[in-house]
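All remarks here apply to the structure that follows.
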Ligand SMILES: [Zn+2]
């Protein structure tokens, strides 16, 4: 099937070639710019060169660096022609009419010598060139030597060239061109005026292609030219040769579909459909779509690559600032923006990650199709996975290290409060809703108190509670029966325990001004246990360290945490802010703080200064583990003294 197709294509190709043979010149040659102003995308260089020519300040050696196909050789040739022109225009351009210019344009000038260093890189080649330099030009002012791919010269060739480059005769000008500037010896670099050529932008390329197509009366679709420009990645020569190829294949009809086919690019439409199906978790359709793509002759890695680029484009659309980086066919621009709006950033980034990994491992995979399919299936379930790990905050925290973060993001339970929220209450509600009780500090605690009173008039008994605060028993978090159901109705689950405690204490506490409560060991231990509980509910790994720690009250506002090792100490200290805020609110004492110390009674092995010899070591071991002696005797082992 494929064989027949190719055969037909080839026949078609030869037929067209025959038709066009007489007038067909490769565009890259036919449309090589004849003066500086025609060079695409290198204004910074052509302007400088023109000015240098106008002011007669030419260097005797130039180095043109930059990616391939951006106009280095072209500029070198234009420069050679211009400086030899008999009537340079005021603008600093060649006239293209004089004898010198016409001989240049016909490629017959004796004043320009081109050497391709890629194939002529030996010392002899350079010596031959240096030999030529000695003779002054017979006509014209300058002899120009263009050495292409100069980084390919062998080091001995470089050295043979160095002397001439340093002190050339006044009529000689060297233009070295390279794609790899870093490979040029510093001695050469320092003797040249360096020009860095830029990659040609997609827009510039597309516009230039359009110009040529108009001149050649080729029917084109702008999206097709944009596609070619993208594919050429800033290399004009590639763009032109692609255009030539498509023109010759399609009988001068460059349409979007034709171009896709010839460049073997998968239509972005497929990716849009794929993403749509993925958002619907329609695995069957996604797999069918992929099968369809494979059937069209696209390889799995190309699909992955295209999909990666697609997601990259979506990500770029997410931000107005970055949107200028979006390089897609104009027709699709809006569609990209619409799709990006519907797709969450977290999804895009995770998708990029999955696809990237799949692409990296693609080579190693034995079943390539399955390998890609697995990635697509993952993408189908990705949104769901993200939602689960995100909870209700919308912030992904798959591998949340600091589990304090969710707490600060939770709302305090003000839902019912809002219903009644009128008059003075509404003003208090103005406090940011998403601000957690910890950020609120003491203010947060008081906020809850008011809620409390309002929600449960029965609990509004400040008198007996105010009498209690000194009693440590009141501090213990035994929820009153009236309170238990209320705790259950609280929307925030993880925070439940902690805010429950806070509420209890808030009740106990004087609501308006608050009297300071003494820091007793019982109250502290109860509070400590509750704090640890809240950590456990939040699945914070610090909880074990909290449980193992011992507490000592030093004075009214200082206590000591004794932990068993540095690691535990660190775990506890990571909670410092929250712990202090919690205790300060609880004891109504802004000064409450703690210091840390390590347990003294840790049984560390006693390190003796005395170096034991092996016999003594053995005896020590036997003291501790008598079975070792038996082992030695039974196996008739000897000690190696
Ligand atoms: Zn001229």
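What follows draws every value from the coordinates through simple rules; no lab data is involved. Predicted model, so just to flag it, every value in this text is computed and none were measured. Every residue, glycine among them, receives a Cβ derived from its backbone with ideal geometry; neighbour counts consider all protein chains shown.
See the values below:
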| quantity | calculated |
| --- | --- |
| Pairs of alpha carbons in the range 33-196 whose separation is greater than 22 Å (percent) | 38 |
| Ascending count of other beta-carbon atoms within 10 Å, so fewest first, for 147, 53 | 53, 147 |
| Stretchable slack from residue 47 to residue 216, in nm (0.36 nm times residue separation minus alpha-carbon distance) | 58.0 nm |
| Distance between the range 228-284 and the range 200-224 - C-alpha centres, whole angstrom | 15 |
| Computed label-point distance, nm, for sites residue 334 and residue 189 using a 7 Å Cα→Cβ extension | 5.0 |
| Diffusion coefficient, µm² s⁻¹, Stokes-Einstein with Kirkwood Rh over alpha-carbon pairs of the range 268-390 at 37 °C and 0.692 mPa s | 223 |
| Label-to-label distance, nm, for residues given as residue 58 and residue 576 (7 Å Cα→Cβ offset) | 7.1 |
| Label-point separation, residue 106 to residue 255 (7 Å along Cα→Cβ), nm | 4.5 |
| FRET E, pair residue 623, residue 544, Förster distance 30 Å, beta-carbon r, rounded to 0.05 | 0.30 |
| Computed Rg/Rh of the range 202-263, alpha carbon atoms with Kirkwood Rh | 0.90 |
| FRET E, pair residue 167, residue 207, Förster distance 51 Å, beta-carbon r, rounded to 0.05 | 0.70 |
| Ordering of 578-590, 220-232, 127-139 by packing [mean C-beta count within 10 Å, highest first] | 220-232, 578-590, 127-139 |
| Peptides 373-379, 97-103 ordered by average Cβ neighbours within 10 Å, highest first | 373-379, 97-103 |
| Whole-Å distance, taken between Cα centres, linking the range 548-602 and the range 126-169 | 79 |
| Residue 312/residue 180 FRET efficiency (R0 25 Å; Cβ-Cβ; nearest 0.05) | 0.35 |
| Where the Cα pairs of the range 217-340 fall when distances are cut into 10 Å bins, in % | 12, 38, 35, 13, 1 |
